[in-house]
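Report on the structure given below.
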Protein chains: 2
Amino acid sequence: MSSTRARIAIDAMGGDHAPADIVAGALMAQEKWDVEVLLVGDPDQIEAALKHHHSKLPLSQIIPAEGTIEMHEEALSALKRKPKASINVAMNLVRQKKADAVVSAGHSGAAMASALLRLGRLPGIDRPAIGAVLPTMKPDSPVLVLDVGANVDCRPKFLEQFAVMGSIYSRYVLGTSEPKVGLLNIGEESCKGNDLAIRTYQLLENHPEIAFNGNAEGRDVLTGKFDVIVCDGFVGNVLLKFAEGVGEAVLQMLKEELTSGLQAKLGTTLLKPSLMRFKQRVDHVEHGGALLLGVAGVCIISHGSSKAATIANAVRLAKEAIDNQVLERIQSQYQKHPQPDEKVISG
Amino acid sequence: MSSTRARIAIDAMGGDHAPADIVAGALMAQEKWDVEVLLVGDPDQIEAALKHHHSKLPLSQIIPAEGTIEMHEEALSALKRKPKASINVAMNLVRQKKADAVVSAGHSGAAMASALLRLGRLPGIDRPAIGAVLPTMKPDSPVLVLDVGANVDCRPKFLEQFAVMGSIYSRYVLGTSEPKVGLLNIGEESCKGNDLAIRTYQLLENHPEIAFNGNAEGRDVLTGKFDVIVCDGFVGNVLLKFAEGVGEAVLQMLKEELTSGLQAKLGTTLLKPSLMRFKQRVDHVEHGGALLLGVAGVCIISHGSSKAATIANAVRLAKEAIDNQVLERIQSQYQKHPQPDEKVISG
């Protein structure tokens, strides 16, 4: 066991399938990616889950916490009422430099609020953003969309910061050599869009640190034409949840068509392996989780429905963000270049 | 030929496949749905297209116009520069009560602006909205989403009007007995969302004229849980174009999976009819077009890529709106009930 391995604090109590699937995913990740997982939560429940998988972990990897933030609870007040909740304890581990990252499939609003309260924002960043990675029509060219829910009312400056942080993440974690940035909008021309989009366009045009490729319309999101797409958290959240739903809707409509007629039934049997691979490709569960970019720590927010494989993928994302020094790169960006003042630029 | 047949003015010069496909679609519609089509555009080109289909129309059904608004032109200035452009002439026919509706696959911004300039708004309506009909997972239960592009910055009162107009259209044209209305948002609770969504929720809750079923998240759009979903035109446009693009993306990803391996190839051949039916179901071209609701005339805006079948479907939509007195019903709604004042309600 090397001491330079990334240490990932995992909220073992968060998510629909916690703690069993979370623990299973953590074990998978530790085996596959040379990381050290720290399971945060109720020790008895964690031990029971480990036992179920015929696994053991040294006591130093089980970090006691009391309770969890329930999905129906209001994030801020619940976090204050439960200082020892698993997500708070996990964030504290990063704050105290006992862990390098947090992974949680629990209450996403609570994870974000806990990160803000305990880790704070990176210098130069006004608002952290949640970034989601979607597959595109180009194999191995996913697109990072941000923000998908952290900030419902945005200013142009926030979107400019999302573009910079997204470019760094795309380059150093997703491996895009020169990430092409798009502004989510309703037309190609710079004059198109709502007030936020028009003013953001002015900030992104000729930006020295990003490769701005103009407006991205809804139909461009999945083509692979853009590597990073920025938008406010309201539009981004609607889009992300629609994308999750549409995959399901299309598969269901296809299934209805496929099961009508004998030929179709025969065809379906032959096609089963192809259909399974296809389902994996459109399924959000395969992508691990969303990044919380802009806080002073690596945080991966996984879907509440996450099972073991998703958690393992989330740990991999966290490890890549750590190994590739994403936070340090964002920070140095804003130390080198003071933020442009949107008021001066947009007149 | 009965004089009570609905008269539909068709912009024969608008769209990527004009005039040939537009004229073909108009002829199909006239044959199928007992309407009288008025073809507006260059008489020579229209005659040539009719000849190509071995068809003839009385001269009274060919309405001369000069030029058309090109896709790259700025709508308002082009409309003023070309008063005799086909879309202007078509709108004038409705204004002069020589036609009951307009169908156009041309420049959609120009169609909307021309409708506003020549027909004006219905009394009580602040902003017209573009409504798009999408298929859902429930067969024969489409969902009407509005606005999908007419108004990028909205006030709560506009969305309230979209809900009322959408409910009437859903009930009387799409045949929904009690249309369930949803507010596009990022969470279920009334406190969720951006400023616009939170204030609109207050207007829709307990609204006497609509069946408000709460917030609709992105993943709910295609489930069939809602019949009418209201949103501002920025979010709606992004969503609609994403939906168009995602169908294509999913089919392409599926195709890639399907063509790998001999079994898959064999399966694809057997499945071809099912896949074709599926493609039709998700293909926006089948749905005819978007409605422009809130102007003092029935206007259907079809996709620029429309071919004959789409235009014929658009004519059918127009006929149903006329036969079911959609405009009269919207108008009487706002005469009966003066509009609620959002400021009083939302405090």
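The values are calculated or read from the model by the stated rules, or taken from the named source; none is laboratory data. Given the structure is predicted, the values throughout are model-derived calculations rather than measurements. Here the Cβ positions follow ideal geometry from the backbone for every residue, glycine too, while neighbour counts run over all protein chains shown.
If you take the residues of the stretch B:174-221 that are in contact with a Phe, Trp or Tyr (Cβ under 7 Å, 6 or more places away or on another chain) and of a type in the set (Val, Ile, Thr), which of them is farthest from A:Leu239 (Cα to Cα)?
Here the residue is B:Val181.
Which ones in the stretch B:94-112 are out of contact with any strand residue (DSSP E or B) (no Cβ under 8 Å at 6 or more places or on another chain) and surrounded by fewer than 22 Cβ atoms within 10 Å (Cβ to Cβ)?
Residues of the stretch B:94-112 out of contact with any strand residue (DSSP E or B) (no Cβ under 8 Å at 6 or more places or on another chain): B:95-97, B:107, B:109-110.
Across the stretch B:94-112, the qualifying residues are B:Arg95, B:Gln96, B:Lys97, B:Gly109.
Conditions (1) modelled with pLDDT of 90 or more; (2) over 30 Å from B:Ala249 (Cα atoms); (3) within 14 Å of chain A (Cβ to nearest Cβ), marked per residue:
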site	(1), (2), (3)
B:Gly267	no, no, yes
B:Arg316	yes, no, no
B:Glu320	yes, yes, no
B:Asn324	yes, yes, no
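Can you tell me which residue in the stretch B:193-207 is farthest from B:Leu159 (Cα to Cα), limited to those that are more than 14 Å from chain A (Cβ to nearest Cβ) and outside any helix (DSSP H, G or I)?
Out of the qualifying residues, it is B:Asn206.
Limited to the stretch A:62-74, what total is found for residues that are over 24 Å from A:Leu27 (Cα atoms) and modelled with pLDDT of 90 or more?
At the first step, the residues of the stretch A:62-74 found to be over 24 Å from A:Leu27 (Cα atoms) are A:70-74.
Now narrow it down to the ones that are modelled with pLDDT of 90 or more: A:70.
The total comes to 1.
Conditions tested, residue by residue: (1) in a loop (DSSP other than H, G, I, E, B); (2) surrounded by 20 or more Cβ atoms within 10 Å (Cβ to Cβ).
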residue: B:Met137; (1), (2): yes, no
residue: B:Leu144; (1), (2): no, yes
residue: B:Asn151; (1), (2): yes, yes
residue: B:Cys154; (1), (2): yes, yes
residue: B:Gly166; (1), (2): no, yes
residue: B:Tyr169; (1), (2): no, yes
residue: B:Ile186; (1), (2): yes, yes
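For (1) under 24 Å from B:Lys307 (Cβ atoms); (2) touching a Phe, Trp or Tyr at 6+ places or on another chain (Cβ under 6 Å); (3) away from chain A (no Cβ under 14 Å); (4) touching a residue at least 40 places away in the same chain (Cβ under 8 Å), each residue gets a yes or a no:
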| site | (1), (2), (3), (4) |
| --- | --- |
| B:Leu119 | no, no, yes, yes |
| B:Gly124 | no, yes, yes, yes |
| B:Val133 | yes, no, yes, yes |
| B:Met137 | no, no, no, yes |
| B:Ala150 | no, no, no, yes |
| B:Lys157 | no, no, yes, yes |
| B:Gln161 | no, no, yes, yes |
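Quick one: count up the residues across the stretch B:41-64 that are out of contact with any Gly (no Cβ under 9 Å at 6 or more places or on another chain) and buried (at least 20 other Cβ atoms within 10 Å of the Cβ).
To start, the set of residues in the stretch B:41-64 that are out of contact with any Gly (no Cβ under 9 Å at 6 or more places or on another chain) comprises B:43-61.
When the remaining residues are screened for being buried (at least 20 other Cβ atoms within 10 Å of the Cβ), the result is B:46, B:49-50.
Matching residues across the stretch B:41-64 total 3.
Count, please, the residues in the stretch A:208-239 that happen to be out of contact with any strand residue (DSSP E or B) (no Cβ under 7 Å at 6 or more places or on another chain), outside any helix (DSSP H, G or I) and either buried (at least 24 other Cβ atoms within 10 Å of the Cβ) or aromatic (Phe, Trp, Tyr) (or both).
1
Search the stretch B:212-224 for residues that are in the same structural domain as B:Leu174 (by the TED database) and pair each with any residue that is at pLDDT 95 or above and of a type in the set (Lys, Arg) when their beta-carbon atoms are under 9 Å apart and the residues are at least 6 apart or on different chains.
Matching pairs, first to second residue: B:Phe212/B:Lys180; B:Asn213/B:Lys180; B:Asn213/B:Lys225; B:Ala216/B:Lys225.
Can you tell me which of (1) touching a helix residue (DSSP H, G or I) at 6+ places or on another chain (Cβ under 8 Å); (2) at pLDDT 95 or above; (3) farther than 27 Å from A:Glu328 by Cβ is the one A:Glu47 doesn't meet?
(1)
Pairs needed: first member in the stretch B:31-43, on the phi < 0 side of the Ramachandran plot; second member anywhere, in a strand (DSSP E or B) and surrounded by fewer than 24 Cβ atoms within 10 Å (Cβ to Cβ); C-beta distance under 7 Å; at least 6 residues apart or different chains.
Correct list of pairs: B:Glu36/B:Arg7; B:Leu38/B:Arg7; B:Leu38/B:Ile63; B:Leu39/B:Ile62; B:Leu39/B:Ile63; B:Val40/B:Ile63; B:Pro43/B:Ile62; B:Pro43/B:Pro64.
From (1) within 15 Å of A:Ala314 (Cβ to Cβ); (2) in contact with a Ser or Thr (Cβ under 7 Å, 6 or more places away or on another chain), pick out the condition that doesn't hold for A:Ala65.
Evaluating A:Ala65 over (1) within 15 Å of A:Ala314 (Cβ to Cβ); (2) in contact with a Ser or Thr (Cβ under 7 Å, 6 or more places away or on another chain) leaves (1) as the failure.
Check the stretch A:1-14 and report whether any residue there is β-branched (Val, Ile, Thr) and either outside the structural domain of A:Ala110 (by the TED database) or surrounded by fewer than 15 Cβ atoms within 10 Å (Cβ to Cβ) (or both).
Pass one, the stretch A:1-14, residues β-branched (Val, Ile, Thr): A:4, A:8, A:10.
Those still in the list that are either outside the structural domain of A:Ala110 (by the TED database) or surrounded by fewer than 15 Cβ atoms within 10 Å (Cβ to Cβ) (or both) too: A:4.
Yes: one or more hits.
Per-residue answers, yes or no, for (1) more than 16 Å from the chain's Cα centre (by Cα); (2) outside any helix (DSSP H, G or I); (3) free of Cβ contacts under 8 Å to residues at least 40 places away in the same chain:
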position: B:Lys84; (1), (2), (3): yes, yes, yes
position: B:Val94; (1), (2), (3): yes, no, no
position: B:Lys98; (1), (2), (3): yes, yes, no
position: B:Val103; (1), (2), (3): no, yes, no
position: B:Gly106; (1), (2), (3): no, yes, no
position: B:Ala110; (1), (2), (3): no, no, no
position: B:Leu116; (1), (2), (3): no, no, no
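Which pairs have Cβ atoms under 7 Å, sit 6 or more apart or on different chains, and link a residue in the stretch B:309-326 that is within 17 Å of B:Asp21 (Cβ to Cβ) to one that is of a type in the set (Lys, Arg)?
Going by the 7 Å Cβ cut-off, the qualifying pairs are B:Ala312/B:Lys32.
Please pick out the residue among A:Gly131, A:Gly182 that is outside any loop (DSSP other than H, G, I, E, B) and either out of contact with any strand residue (DSSP E or B) (no Cβ under 6 Å at 6 or more places or on another chain) or under 19 Å from A:Ala314 (Cα atoms) (or both). So that I can check it myself, show each step before the final result.
On the way: A:Gly182 fails: either out of contact with any strand residue (DSSP E or B) (no Cβ under 6 Å at 6 or more places or on another chain) or under 19 Å from A:Ala314 (Cα atoms) (or both).
Of A:Gly131, A:Gly182, the one residue that is outside any loop (DSSP other than H, G, I, E, B) and either out of contact with any strand residue (DSSP E or B) (no Cβ under 6 Å at 6 or more places or on another chain) or under 19 Å from A:Ala314 (Cα atoms) (or both) is A:Gly131.
Within the stretch A:231-240, is there a residue that is away from chain B (no Cβ under 12 Å) and either in contact (Cβ under 8 Å) with a residue 60 or more places away in the chain or in contact with a Pro (Cβ under 8 Å, 6 or more places away or on another chain) (or both)?
The initial filter retains those residues of the stretch A:231-240 that are away from chain B (no Cβ under 12 Å), namely none.
No, that holds for no residue.
Considering only residues that are modelled with pLDDT of 95 or more and either more than 8 Å from every other protein chain (Cβ to nearest Cβ) or under 15 Å from A:Arg219 (Cβ atoms) (or both), which ones fall in the stretch B:214-230?
Those that are modelled with pLDDT of 95 or more and either more than 8 Å from every other protein chain (Cβ to nearest Cβ) or under 15 Å from A:Arg219 (Cβ atoms) (or both): B:Gly214, B:Asn215, B:Ala216, B:Lys225, B:Phe226, B:Asp227, B:Val228, B:Ile229, B:Val230.
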